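Here the structure is laid out as structure tokens; the discussion comes afterwards.
The values are calculated or read from the model by the stated rules, or taken from the named source; none is laboratory data. Just so it is clear, the structure is predicted and the values come from calculations on it, not from any experiment. Cβ atoms come from the backbone with ideal geometry, glycine included; neighbour counts cover every protein chain shown.
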Amino acid sequence: MNASAKPAVFIASSVEGLPIADAINANLEHEAHCTIWRSGTFKLSSQSVDDLMKKSSVIDFAVFVFTPDDLATIRKHEQAIARDNVVFEMGLFIGSIGKERCYIVKPRGLDMHLPSDLVGMNPADYAADRPDGDLESALNYACKLIRDRIKEIGSIDRAPFTETARPLRHVANPPDYRLGDVDLMFLGECVKSQVSSPIGRSFDQIERELKSCQSHALAISAIKLDRLGYVAKTIEQSYNGDYEFFAYAATEDGMDAFLKHEARITEMLKPRPPKKPSSGFDDMDDDIPF
């Protein structure tokens, strides 16, 4: 893999979990630029939360080592739990880069209590009781699962769309909106920015192209696609510079969504056979009262 194309991975753990973090770092070294929390994250005389927020804005994935460092009495039962700062950091990174880019690694066969908000996130586990104590080998499979997800999802595209436009917005946890026919047609117009309209398409242009769609339906589509991160909305100037307008252009995620629905879009664009005019007799009741 090209070094410049490697994604950035942040690895968080407690002090007790550092040997696990080091082993994960060693396993992912060839596929990612890894940063363990103890190295290059926290600056002298700075706020830890501020440093973590800055780090979360420049990384693509995060791995959180949950080790049974503490005990808590929950509903009169004593349970092993991860260190609270590791859980907090995971929540911060989920809010920044999204749940699908954050992964838990925990010892296999150990019943650890997870916060209810994290229920449903499948952790990768490893054999903590390996006789030879070889943590790198013990974590091979867990790191393979992480590598597979990294290859599947890819890095976050933070490059600017144009030289003058703001960087593309990464939607960490996109809402689960269903794309209707009007949404796909609107997105199709925005995809044209990749082949014919470098700055994007104005709403008026899109409205003229989609004359069969009502204006308010197109406005809803514009808002929905923007919230999903499928289109980038920028402020552009007219050719003469006498007024400004919003321009809509498809993002990388938007083009992926458009291509994913290719068969449906092709079906939508097929010409429909004209309806046969009614003869006037077909709809009449057979029981004619005369």
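Computed values, structure above
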| quantity | calculated |
| --- | --- |
| Sole exception among (1) surrounded by 14 or more Cβ atoms within 10 Å (Cβ to Cβ); (2) not in a helix (DSSP H, G or I) for ILE146, by number | (2) |
| Flag if GLN194 is in contact (Cβ under 8 Å) with a residue 60 or more places away in the chain and assigned by TED's automatic domain parsing to the domain that holds HIS261 | yes |
| Exclusive hit being surrounded by fewer than 21 Cβ atoms within 10 Å (Cβ to Cβ), touching a helix residue (DSSP H, G or I) at 6+ places or on another chain (Cβ under 8 Å) and of a type in the set (A, V, I, L, M), set LEU71, LEU92 | LEU92 |
| Hits in region 65-86 (condition: part of a strand (DSSP E or B) and either in contact with a Leu (Cβ under 7 Å, 6 or more places away or on another chain) or more than 10 Å from GLY17 (Cα to Cα) (or both)) | ASP70, LEU71, ALA72, THR73, ILE74, HIS77, GLU78, GLN79, ALA80, ILE81 |
| Residues located in region 56-68, provided they are surrounded by 16 or more Cβ atoms within 10 Å (Cβ to Cβ) and either out of contact with any strand residue (DSSP E or B) (no Cβ under 6 Å at 6 or more places or on another chain) or modelled with pLDDT of 85 or more (or both) | SER56, ILE59, ASP60, PHE61, ALA62, VAL63, PHE64, VAL65, PHE66, THR67 |
| Cβ-Cβ under 7 Å pairs, at least 6 apart or on other chains, region 113-133 side modelled with pLDDT under 85, far side of a type in the set (A, V, I, L, M) and surrounded by 11 or more Cβ atoms within 10 Å (Cβ to Cβ) | HIS113/ALA72; HIS113/ALA80; HIS113/ILE81; PRO115/VAL87; MET121/ILE104 |
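Residue-by-condition table, conditions (1) surrounded by fewer than 17 Cβ atoms within 10 Å (Cβ to Cβ); (2) of a type in the set (Val, Ile, Thr); (3) under 16 Å from the mean Cα position of the chain (by Cα):
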position	(1), (2), (3)
VAL231	no, yes, yes
ILE235	yes, yes, no
GLU244	yes, no, no
THR251	no, yes, yes
ALA263	yes, no, no
PRO271	yes, no, no
